[in-house]
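Step one of this worksheet: look at the structure below.
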Amino acid sequence: MDGQNITKVVLLSCGSFNPITNMHLRMFELARDHLEDTGQYRVVKGIISPVGDAYKKKGLIEACHRLEMARLSTENSDWITVDSWESLQPEWVETCKVVRHHYDEMLAAEQNNDDVDTVKYAKKRRVEENSFEGSSYHKRRDSPQLMLLCGADVLESFGVPNLWKQEDIAEIVGRYGLVCISRSGNDPHKFIHQSDILWKYRKSIHVVQEWVTNEISATHVRRSLRRGRSIRYLLPDNVVDYIREHGLYSDESERKNADVVLAPLERNMGASSS
């Protein structure tokens with residue numbers, strides 16, 4: 001395929017990363033392979049964005065530790081980076097707003113590249129307006145596309161009442177696009193078929209089948225740590241060492257936020273009742 005018709009893609013993964021595991025990193029590789037195999041895309045960057053402490057998830061340790069572990073895990077990657085913006089916000093930020101932030105950052109970086117490139121002709125941007133209101137979504141013909149990367153469990157969480165706003169789902173999937181990695185016990189295609197909003201934007205969802213199933217979960221890692229079991233080879237070695245060095249993931253830390261309502265549920269339930 002002509003290189004001019006290949007769309008550059010930036011993959012964004014949001015989540016707790018509590019802690020980051022080898023499977024979190026593996027998802028980026030799977031997504032890149034899948035997209036580039038289509039001949040339509042070239043993945044140029046991956047971004048890990050850990051959620052902030054205000055998310056209030058049970059057992060969620062401090063963002064400073066989760067950020068540092070993510071940075072350690074990607075220090076040998078030449079294309080996956082870690083961004084601290086979301087985790088440093090004083091209040092929980094909806095994923096949709098995080099996606100918008102990174103899209104704006106991506107466009108700003110592209111603009112800066114254009115400004116210093118004296119070979120290119122002076123550009124008059126073609127702005128494509130779409131039907132989504134309340135946001136300045138501008139897409140340049142040659143600009144990269146931002147896609148949200150997630151596991152099938154996150155896709156299915158779209159159906160949990162009050163966890164996601166329907167308009168946010170429409171914006172994330174319909175405007176930006178979604179890359180979903182399959183997991184054992186989840187059927188993304190079935191869930192898309194059963195969801196009217198996902199079915200509407202199904203052409204913007206890339207489902208990636210992981211044939212070498214590796215069900216490493218952060219929950220399992222934390223449980224093993226509390227029980228004094230080995231977690232070697234489930235996480236990068238330098239992350240394992242960091243956890244040991246700082247004494248992370250104890251019985252006490254697992255009880256954190258145990259009696260607190262998850263931030264999106266608290267916010268969305270409050271909005272629906274007002």
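A few notes on this one:
- Residues located in segment 228-252, provided they are of a type in the set (Ser, Thr, Tyr) and surrounded by 18 or more Cβ atoms within 10 Å (Cβ to Cβ): TYR242, TYR249
- Restricting segment 237-264 to residues that are free of Cβ contacts under 8 Å to residues at least 60 places away in the same chain and part of a helix (DSSP H, G or I), the residue that is nearest to TYR55 (Cα to Cα) is GLU252.
- Criterion: part of a helix (DSSP H, G or I), on the phi < 0 side of the Ramachandran plot, open to solvent by less than 70 Å² (accessible area, probe 1.4 Å) and touching a residue at least 40 places away in the same chain (Cβ under 8 Å) - qualifying residue of ILE172, ILE192: ILE172
- GLY228 falls short on exactly one of the conditions (1) outside any loop (DSSP other than H, G, I, E, B); (2) small (Gly, Ala, Ser); (3) more than 30 Å from LYS165 (Cβ to Cβ), and that condition is (1).
- Segment 149-169, residues that are among the aliphatic types (A, V, I, L, M), touching a residue at least 12 places away in the same chain (Cβ under 8 Å) and open to solvent by 10 Å² or more (accessible area, probe 1.4 Å): VAL154, LEU163
- Residue within segment 1-22 that is part of a helix (DSSP H, G or I), touching a strand residue (DSSP E or B) at 6+ places or on another chain (Cβ under 9 Å) and surrounded by fewer than 22 Cβ atoms within 10 Å (Cβ to Cβ) present: yes
- The criterion of being among the small types (Gly, Ala, Ser) and either open to solvent by 30 Å² or more (accessible area, probe 1.4 Å) or assigned to a strand (DSSP E or B) (or both) does not hold for SER87.
- Checked against (1) surrounded by 14 or more Cβ atoms within 10 Å (Cβ to Cβ); (2) at negative phi, GLY177 passes all but condition (2).
- Top-ranked residue in segment 35-80 [being in contact (Cβ under 8 Å) with a residue 24 or more places away in the chain and of a type in the set (Lys, Arg); ranked as least open to solvent (accessible area, probe 1.4 Å)]: ARG66
The values are calculated or read from the model by the stated rules, or taken from the named source; none is laboratory data. For clarity, every value in this text was computed on a predicted model and none was experimentally measured. For neighbour counting, all protein chains shown are included, and Cβ atoms are generated from backbone atoms with ideal geometry for every residue, glycine included. Please note that ligands, DNA and RNA were not included when accessible areas were found on the heavy atoms of the full protein model with its side chains. Shrake-Rupley method; radii C 1.70, N 1.55, O 1.52, S 1.80 Å.
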